[in-house]
Amino acid sequence: MRKLALYLALMLAPPAFADEPVELTFIANEGVLLEWRTHAVLIDSPASNSYDGTYSLPSTEIVEAMVEQAPPFQRVSFILSTHIHGDHFDAATLSRMCNKLSSNGTLLGSNAAIDAYIVAGGHERCVIRPSGNEDECGFTGEPHCRAEYGATLRVSGLGPEFGIDIDARPLFHREEIEHWTYRVEMGGVSVLHLGDTQPQMADFSIWDGVDFDVILYPYWFLQMAEGVAFLEAHPEARTIAFHIPAAATDAEIMEALDGAEYLHTEGETRILSAAPHTNASE
Ligand SMILES: [Zn+2]
């Protein structure tokens, strides 16, 4: 009887889960963990090459926690890789993680990154390749090359607003580098991870018409007119900089970014929430 009463209460109650926060934990460089309720998405971590100490890498402790699925990594369902560069990607460690991911645990990344992961001992069954036709598209972001990709994970029985949606679309980083940007929506919060997008070369129209509550961008966006323009085109979004050189002090970062919000310290967290969208038709 008590069970039935609880069940009815769940069916009738307003969706309390909607109020549960989406939490971001910063790992290193552009590595972040997004958690909401029972699921988590890891982006651009682990990583293995600091480029002679220029960029920060995850600590040994946090890499072990990832591999062992210890907190805060016990609920990782998807790992998203923007591109193969070693300050974003670590094929060897990822190959150790696959079998330990929770059910449906999946690595999404470029063909080059996934090939490296397979060579390092990873399993094809743990991966999804976002697209596409390299010859035709060249990964410069032409609209017809969108991989709207719909890797979707839903918490059963609670409706689409309680799921995780992942949408991968290419934006230019460098010649010959397949580079993906990801929109992750969880807990009603839409987060865009821009990876190493080069704003002066990227065709941002690939994301036209999509709303973001949070935009995670490499700090160089603020040094280029096209980068600033992209951020200013999303005034509703909370924008947070990362990929900041490891040796930079807080004072230097504050000055360089003119006070913009940023991520730089392993383990720092943010609570993310939905922005009020003034123009519902967009
Ligand atoms: Zn990078």
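General remarks:
- Scanning the range 211-236 for residues that are aliphatic (A, V, I, L, M) and either crowded, with 18+ Cβ neighbours inside 10 Å or more than 13 Å from LEU192 (Cβ to Cβ) (or both) yields VAL214, ILE215, LEU216, LEU222, MET224, ALA225, VAL228, ALA229, LEU231.
- Per-region count, the range 173-189, residues buried (at least 22 other Cβ atoms within 10 Å of the Cβ) and either within 16 Å of the ligand (Cβ to nearest atom) or assigned to a strand (DSSP E or B) (or both): 9
- Tally of residues being more than 16 Å from the ligand (Cβ to nearest atom) and either touching a helix residue (DSSP H, G or I) at 6+ places or on another chain (Cβ under 6 Å) or part of a loop (DSSP other than H, G, I, E, B) (or both) across the range 208-229: 6
- Meets criteria (more than 16 Å from the ligand (Cβ to nearest atom), surrounded by fewer than 24 Cβ atoms within 10 Å (Cβ to Cβ), hydroxyl-bearing (Ser, Thr, Tyr) and under 22 Å from TYR262 (Cβ atoms)) for THR25: yes
- The one condition from (1) among the small types (Gly, Ala, Ser); (2) surrounded by fewer than 16 Cβ atoms within 10 Å (Cβ to Cβ); (3) out of contact with any Gly (no Cβ under 8 Å at 6 or more places or on another chain); (4) in a loop (DSSP other than H, G, I, E, B) that GLY195 does not meet is (2).
- Condition check for ALA168: surrounded by 13 or more Cβ atoms within 10 Å (Cβ to Cβ), hydrophobic (A, V, I, L, M, F, W, C) and at pLDDT 95 or above: no
- SER103 within 22 Å of LEU192 (Cβ to Cβ), at pLDDT below 85 and away from the ligand (no atom under 16 Å from the Cβ): no
- Restricting attention to the range 239-278 and to residues that are of a type in the set (D, E, K, R) and more than 20 Å from ASP44 (Cα to Cα), the residue that is surrounded by the fewest Cβ atoms within 10 Å (Cβ to Cβ) turns out to be ASP258.
- Members of the range 33-52 that are buried (at least 16 other Cβ atoms within 10 Å of the Cβ) and over 21 Å from HIS179 (Cα atoms): GLU35, TRP36, ARG37, HIS39, ALA40
- Residue selection: PRO72 satisfies the criterion of being within 26 Å of SER273 (Cβ to Cβ), outside any strand (DSSP E or B) and either in contact with a Leu (Cβ under 7 Å, 6 or more places away or on another chain) or not small (Gly, Ala, Ser) (or both).
- Residue match in the range 53-65 (condition: in contact (Cβ under 8 Å) with a residue 60 or more places away in the chain, within 12 Å of the ligand (Cβ to nearest atom) and more than 18 Å from HIS179 (Cβ to Cβ)): yes
- No other residue among GLY132, GLY122, GLY150 is at pLDDT below 55 and under 30 Å from ARG37 (Cβ atoms) apart from GLY150.
The values are calculated or read from the model by the stated rules, or taken from the named source; none is laboratory data. Predicted model only: the values in this text are computed from it and were never measured. For neighbour counting, all protein chains shown are included, and Cβ atoms are generated from backbone atoms with ideal geometry for every residue, glycine included.
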